[in-house]
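Structure first, commentary second.
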Amino acid sequence: MTNYLVADPPLVQGPPASTRHVVLESAGHSLHGVLHLPAGEGRHPVVLLLHGFPGWERNFDIAQALRRAGVASLVFHYRGCWGMPGRWSWANALADTEAVLDDLLSGAHPQMAELDARRVAVVGHSLGGFLALQAAAPRPAVRLAASISGFDFGAVSATIEADPTLLEVYTEAFASETPVLTETDGEALVREMLDAGQSWSLRDLATDFEGRAVLLIGTSRDAVTPAALHHEPLVAEFSNAGSRLRHAVLASDHALSDQRVQLTTRVVDFVLDRL
């Protein structure tokens, strides 16, 4: 197999590789995404690649590596961000993820006929890591799930309840990202998180992944999702619940800015092994 990190794949008979704009539907909203298709006749396995909050890093380097390795990927924007219609909220982002994931699992979307609905994975970064695990948990047809610097809303809610001085810290942090979002602010986002409480705990999802393939990647220089709060307890719960778990803590910041090759290798190899 061609090294997907450093070389383009050889030319093959059939349709060439392509990059396709797709329109996805969620709660009456048209959301826009991009499908990276590898060359050759379908059906191709596919990874739903979920960006974080608000989506500065979209992980297209991972998408391109997946395509060179023969795996399609779909990246899209949730409602209420980056010009998408609708109101931004955590719950709406989760509902959009579930709707798009169900589309992939159905195999019925007319713009994605080349995909194999039996080989679907979901991978997310930060908020996307939370969404990946939440959406995959009740859908056993999802072959594997990966969370990169995943944000555990349940863990943060518990931390704020234990130390109310952190309320302002998270309110300001969320507010700083809202200029590209619609109809929200820092206070509304913190309130929604606290109202959800432990219903959005990633640790509580562990039993749903018994026997299923999971990849958890944390970071050691991360002020947004420090490993001690967001990663290590999750690894312990998923290990105890009997998932087919791979995990690592990479020496990088929240966006893994200086570990992109290491990150890409771990994600793509995991997908190739399991999908």
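Data overview
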{"read-out": "Any hit, the range 193-208, residues being on the phi > 0 side of the Ramachandran plot, touching a helix residue (DSSP H, G or I) at 6+ places or on another chain (Cβ under 9 Å), part of a helix (DSSP H, G or I) and touching a residue at least 40 places away in the same chain (Cβ under 8 Å)", "value": "yes"}
{"read-out": "Test: residue in the range 4-12 that is aromatic (Phe, Trp, Tyr) and loosely packed, with under 14 Cβ neighbours inside 10 Å", "value": "no"}
{"read-out": "Answer residue from the range 103-137, given it is out of contact with any helix residue (DSSP H, G or I) (no Cβ under 7 Å at 6 or more places or on another chain) and polar (S, T, N, Q) and is surrounded by the most Cβ atoms within 10 Å (Cβ to Cβ) among those", "value": "Ser126"}
{"read-out": "Residue among Arg119, Arg79 that alone is under 16 Å from Pro45 (Cβ atoms) and of a type in the set (D, E, K, R)", "value": "Arg119"}
{"read-out": "When residues of the range 238-260 are limited to those that are farther than 21 Å from Asp222 by Cα and not in a loop (DSSP other than H, G, I, E, B), the one farthest from the chain's Cα centre (by Cα)", "value": "Asn240"}
{"read-out": "Restricting the range 239-272 to residues that are in contact (Cβ under 8 Å) with a residue 60 or more places away in the chain and open to solvent by 60 Å² or more (accessible area, probe 1.4 Å), the residue that is farthest from Arg58 (Cα to Cα)", "value": "Leu272"}
{"read-out": "Residues of the range 37-79 classified as under 18 Å from Asp103 (Cβ atoms) and either part of a loop (DSSP other than H, G, I, E, B) or open to solvent by 10 Å² or more (accessible area, probe 1.4 Å) (or both), total", "value": "9"}
{"read-out": "Of all residues making up the range 138-177, the number that are open to solvent by 10 Å² or more (accessible area, probe 1.4 Å), more than 19 Å from Leu74 (Cα to Cα) and in contact with an Asp or Glu (Cβ under 9 Å, 6 or more places away or on another chain)", "value": "5"}
{"read-out": "Hits in the range 80-94 (condition: assigned to a loop (DSSP other than H, G, I, E, B) and either open to solvent by 10 Å² or more (accessible area, probe 1.4 Å) or modelled with pLDDT under 95 (or both))", "value": "Trp82, Gly83, Met84, Pro85, Gly86, Arg87"}
{"read-out": "Filtered residue count, the range 183-192, keeping only those that are open to solvent by less than 50 Å² (accessible area, probe 1.4 Å) and in a loop (DSSP other than H, G, I, E, B)", "value": "1"}
{"read-out": "Exclusive hit being free of Cβ contacts under 8 Å to residues at least 24 places away in the same chain, open to solvent by 60 Å² or more (accessible area, probe 1.4 Å) and among the small types (Gly, Ala, Ser), set Ala228, Ala236, Ala223", "value": "Ala228"}
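The values are calculated or read from the model by the stated rules, or taken from the named source; none is laboratory data. Quick caveat, the model's predicted, so the values are computed rather than measured. Here the Cβ is made from the backbone with ideal geometry for all residues, glycine too, and neighbour counts use every protein chain on show. When the accessible area is computed, the model is the full protein with side chains, heavy atoms only, and any ligands, DNA or RNA have been set aside. Shrake-Rupley method; radii C 1.70, N 1.55, O 1.52, S 1.80 Å.
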